[in-house]
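Let me begin by presenting the structure, written as structure tokens, before commenting on it.
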Amino acid sequence: MTALVQRYLDGILAEHAGVSQGALANYIPELACVDPTGFGLSVSSSDGYVYESGDADVQFTMQSISKPFTYALVLNQLGQDDVDARIGVEPSGEGFNKISVDQVTNMPKNPMINAGAIVACSLVPGRSVDDRFDLVREFYSACAGRSLDFDDDVYRSERASGSRNRGIAYLLDSFGALGADPDDALDLYIRQCSLKVTSTDLARMGSTLARGGLNPLTGRQVTDAAVVRRTLSVMVTCGMYDAAGEWVSAVGMPAKSGVGGGIVAVLPGQLGIGVYSPRIDDKGNSVRGMLVCRSLSQQLGLHFLTVSSEAHAAIRGVYNPRPGVRVYEVHGDLLFAGAEQVARTATRDCAEFDTAILDVSRLHTISEPARALLAGLSDDLQALNKRGLLVDPSGSVAPATAAYDDLVFATVEDALTAAGDQRS
Ligand code: GLN
């Protein structure tokens, strides 16, 4: 635990504690019964350490925060093509409970509005609503790293008052947009909205998304990185409904709110954030939750479009162990831009060596386009009458083909010996 981080979070909560704007959602009567002053903040690091401030152990219903998780579940179960055939990915620019369907295809505009979420529920596989709900609850619980409870009172309250969502479900059914019976799809939707979390659960669920589907607490790979990328994409464009543009500008993190007062925000690769404060604005977003996220982003520099100098850090060291030989040490997580820089540096400086040794033994991860680029560097250097050797003990760059046998070595010493042989 870092005392400084704890102080930051406590300070941010204190900064907004006095704000009393907004109101409890009362269109679901049971939601109007919660303590309006509840205020909790939790932040999970990408390795699963959680900082908590305020009412981080108060449970509340997920409501619409469930939507991205069920979307991820059906992407995981059915594959992206089948889901894309049923649910769009365009921001609707309308409120969460509007009947936003595409005029031509009759598909809901996106999975973050009720219409899209009800279609997503209709795609969850299972023989009964109970079966499907088990799958949903198990998926959410795997993301949170603990078994989530269900709020029967809120469920019954929304069932009894949910004419609007019932109307949406039946309309979708009349368009042929649902994959299941409308009552079943709606029932599952209301059940998932009634699952209970704390701000810490949300931070943990967020950190699972931040880690590309790997829950850092349990070590379980809950879903895969492609599913998470798609889910985070729609959270960016549609997660905060008609406040999405303002949110991306001011906060800059994929996020999802719920009328229960929760917000989950994700900084890919870095953090999961959960906030709870049940007074919401007229768009259905927690008033203090939004303020907290804004302060966090500004004070800790979390906006996901902050330009960093990461790509420049790809080359960790350059040295000449003997005349005519130059070693490039590459480290960290290498994406296309970093690999491009490594390849360009080596070819640009090739007048200064006969043999370049690319040491990738300290690479952590490498994307496929970056790998292909570095694997092709020997050929590029050969075209310039130079040798390019690779120190790649774990085979993270070089394909395991005979063509690379003379180019790939386990250590710099081995590569140096080979470079010497070639010179003589
Ligand atoms: N269950 C709520 C509804 O459908 C969820 C809405 C929300 O959280 N935005 O109205």
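The values are calculated or read from the model by the stated rules, or taken from the named source; none is laboratory data. Computed from a predicted structure; not experimentally measured. Note that we place each Cβ from the backbone using ideal geometry, even for glycine, and neighbour counts take in every protein chain shown.
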(request) Residue by residue through region 399-424, note down the ones that are of a type outside the set (D, E, K, R) and either buried (at least 21 other Cβ atoms within 10 Å of the Cβ) or modelled with pLDDT of 90 or more (or both). (result) LEU407, VAL408, PHE409, ALA410, THR411, VAL412, ALA415, LEU416, THR417, ALA418, ALA419
(message) Filter region 374-424 down to the residues that are assigned to a loop (DSSP other than H, G, I, E, B) and either more than 33 Å from the chain's Cα centre (by Cα) or farther than 24 Å from LEU334 by Cα (or both) and list them by number.
(response) LEU384, ASN385, LYS386, THR401, ASP405, ASP406, LEU407, ALA410, THR411, SER424
(request) Being within 16 Å of the ligand (Cβ to nearest atom) and under 25 Å from LEU296 (Cβ atoms) is the filter here, so list the residues in region 60-84 that pass it. (result) PHE60, THR61, MET62, GLN63, SER64, ILE65, SER66, LYS67, PRO68, PHE69, TYR71
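Within region 187-208, track down each residue that is within 15 Å of the ligand (Cβ to nearest atom) and touching a Gly at 6+ places or on another chain (Cβ under 7 Å).
We begin by selecting, within region 187-208, every residue within 15 Å of the ligand (Cβ to nearest atom); these are 187-197, 202.
Those that are within 15 Å of the ligand (Cβ to nearest atom) and touching a Gly at 6+ places or on another chain (Cβ under 7 Å): ILE190, VAL197, LEU202.
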(message) Suppose the filter is closer than 17 Å to ALA203 by Cα and away from the ligand (no atom under 16 Å from the Cβ); does LEU305 pass it?
(response) no
(message) Name the residue that is nearest to GLY116 (Cα to Cα), counting only residues in region 238-259 that are within 16 Å of the ligand (Cβ to nearest atom) and among the hydroxyl-bearing types (Ser, Thr, Tyr).
(response) TYR241
(message) Pull out all pairs, ordered by first then second residue, where Cβ-Cβ is under 8 Å, the residues are six or more apart or on different chains, the first lies in region 51-66 and is within 14 Å of GLU158 (Cα to Cα), and the second is of a type in the set (Phe, Trp, Tyr) and within 8 Å of the ligand (Cβ to nearest atom).
(response) SER64/PHE96
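State whether one or more residues within region 262-272 are within 13 Å of the ligand (Cβ to nearest atom) and surrounded by fewer than 24 Cβ atoms within 10 Å (Cβ to Cβ). Talk me through it step by step, then tell me what you get.
Taking region 262-272 and keeping what is within 13 Å of the ligand (Cβ to nearest atom), we get 262-264.
Of the ones still in play, those that are also surrounded by fewer than 24 Cβ atoms within 10 Å (Cβ to Cβ) are none.
Looking for residues that are within 13 Å of the ligand (Cβ to nearest atom) and surrounded by fewer than 24 Cβ atoms within 10 Å (Cβ to Cβ), one finds none in region 262-272, hence no.
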(message) So TYR170 passes all but one of these: (1) away from the ligand (no atom under 16 Å from the Cβ); (2) within 16 Å of GLY116 (Cα to Cα). Which condition number does it fail?
(response) (1)
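So, LEU217, is that one away from the ligand (no atom under 16 Å from the Cβ), touching a residue at least 12 places away in the same chain (Cβ under 8 Å) and touching a Leu at 6+ places or on another chain (Cβ under 8 Å) or not?
On the way: away from the ligand (no atom under 16 Å from the Cβ): yes; touching a residue at least 12 places away in the same chain (Cβ under 8 Å): yes; touching a Leu at 6+ places or on another chain (Cβ under 8 Å): no.
For LEU217, the condition - away from the ligand (no atom under 16 Å from the Cβ), touching a residue at least 12 places away in the same chain (Cβ under 8 Å) and touching a Leu at 6+ places or on another chain (Cβ under 8 Å) - is not met.
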(request) Output the residues belonging to region 2-30 that are within 16 Å of the ligand (Cβ to nearest atom) and either under 27 Å from SER44 (Cβ atoms) or surrounded by fewer than 19 Cβ atoms within 10 Å (Cβ to Cβ) (or both). (result) GLY22, ALA23, LEU24, ALA25, ASN26, TYR27, PRO29
